[in-house]
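Asker: Sharing a structure below in structure tokens format, with a few things to ask.
Just so it is clear, none of the values below were taken in a lab; they were calculated from the coordinates. This structure is a prediction, so every number in the text was calculated from the model and none was measured. In this analysis, Cβ positions are derived from the backbone assuming ideal geometry, glycine residues included, and neighbour counts consider all displayed protein chains.
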Amino acid sequence: MPGPILIFDSGVGGLSVTAALRARLPAATLAYVCDNAMLPYGTKSDDWLVSRIVETCVSAVGASGAAVLVVACNTASTLALRELRARLEIPVVGTVPAIKPAAQLSVSRVIGLLATSATVNRAYTQTLIADFAADCRIVRVAADGLVGEAERQLAGLAPDDGALEAALAPLWIDAALDTVVLGCTHFPLLRRRLEASAPRAINWVDSGEAIARRVASVLDGSGYVRGREGRAWASAPGPVLAATLAGYGFTALEALSLSDETHIPSR
Ligand code: DGL
């Protein structure tokens, strides 16, 4: 079925995968949905998150007529991919921390995992580490505060460099660490600041390329997906978000239609 590639995240983090998708699938139409009313996801309870993520994605897939859903959120993917695939009839491509490519790159075998507290602690993440980086020491750093800093930056405000440095500090304790996995899609948006605050050259690994490759292979044979250009949905649309999204080519922001059931977050 023709339709856009719908990118989903809690907030603006999913915008970090748009460049890789556009580079690999230049003729495809992208659409965007975010659940910014409930930001951040990384500190909410798993049960509530599953219902909320499914409700948000089902509503946005219906509104957009998407041909494929990209869950551009590690926190959501490491928790709810099975439920999303059970509820949706279109292919669902998830985002999980890039442990495998990081393990291929690391010479010292000491790797940092920078992600939300939810992702850092998930069984899914533990399995990725056991499967692909069993011979590495993984320094897990929960950096929920950086989600807000990335949101601030994209809203045109200066992120707090002190907060950024404090969040990264645990990574630098082991001088052998040579590679950092950006296990939250918000973090590549801060890439220049992260690089600037690192005490030495580091391999920063994100999931953008891998997602784009996966989407291209899922769509193989069905041609480029098309739909109306520039559409986006949010649970809390507003002028600041609209301006940010327009900067990434999403010029028509609408309110997402959601039931009342998941409107009260549980932590
Ligand atoms: N961008 C999301 C991720 O990749 C997390 C943001 C949040 O905690 O809401 O994990």
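Asker: Using only the alpha-carbon atoms, what does the chain span along each of its principal axes? Please give whole angstrom values in decreasing order.
Answerer: 49, 40, 34
Asker: Treat each spin label as a single point 7 Å out from the Cα along the C-beta direction, and report the residue 130 to residue 216 distance in nm.
Answerer: Inter-label distance under the simple model: 3.3 nm.
Asker: Another question, then. What is the order of 211, 99, 129, fewest Cβ neighbours within 10 Å to most? The partial results should precede the final answer.
Answerer: On the way: 211 27, 99 23, 129 18.
In order of increasing Cβ crowding within 10 Å: 129, 99, 211.
Asker: Select from 134, 232, 167 the residue whose mean-square fluctuation is largest in a Gaussian network model of the chain (Cα-Cα springs shorter than 10 Å).
Answerer: Top of the fluctuation ranking is 134.
Asker: Taking the chain as a Gaussian network, where each spring joins two C-alpha atoms under 10 Å apart, which residue of 162, 238, 247 fluctuates the most?
Answerer: The residue that fluctuates most here is 162.
Asker: Ratio of Rg to Rh for the range 84-209, alpha carbon only, Kirkwood?
Answerer: Working: Rg = 14.9 Å, Rh = 15.1 Å.
With Rg and the Kirkwood Rh in hand, the quotient comes to 0.98.
Asker: Suppose R0 equals 41 Å. What FRET efficiency, 1/(1 + (r/R0)^6) with r the Cβ-Cβ distance, do residue 90 and residue 169 give to the nearest 0.05?
Answerer: Values: r = 42 Å, r/R0 = 1.02.
That gives a FRET efficiency of 0.45.
Asker: Then there is this: So if each residue of separation counts as 0.36 nm, and I subtract the Cα-Cα distance between residue 51 and residue 23, what length gain in nm does that give?
Answerer: On the way: separation 28, 0.36 × 28 = 10.08 nm, distance 3.28 nm.
Extending this stretch completely gives an extra 6.8 nm.
Asker: If each DSSP helix of 4+ residues adds -39,500 (n - 2.57) and the sum is divided by the residues in the chain, what number results at 222 nm, nearest 500 deg cm²/dmol? Walk me through the numbers before you get to the answer.
Answerer: Numbers: 11 runs with 107 residues, N = 267.
Using -39500 (n - 2.57) per qualifying helix, the result is -11500 deg cm²/dmol.
Asker: Hey, another quick one. In what order do 32, 248, 124 fall by count of nearby beta-carbon atoms within 10 Å, going from fewest to most?
Answerer: Ascending number of Cβ neighbours within 10 Å: 124, 248, 32.
Asker: How many Å³ per residue does the convex hull of the Cα positions in the range 1-81 occupy?
Answerer: Working: hull volume 6.9 nm³, N = 81.
Expressed per residue, the convex hull around the Cα atoms of the range 1-81 is 85 Å³.
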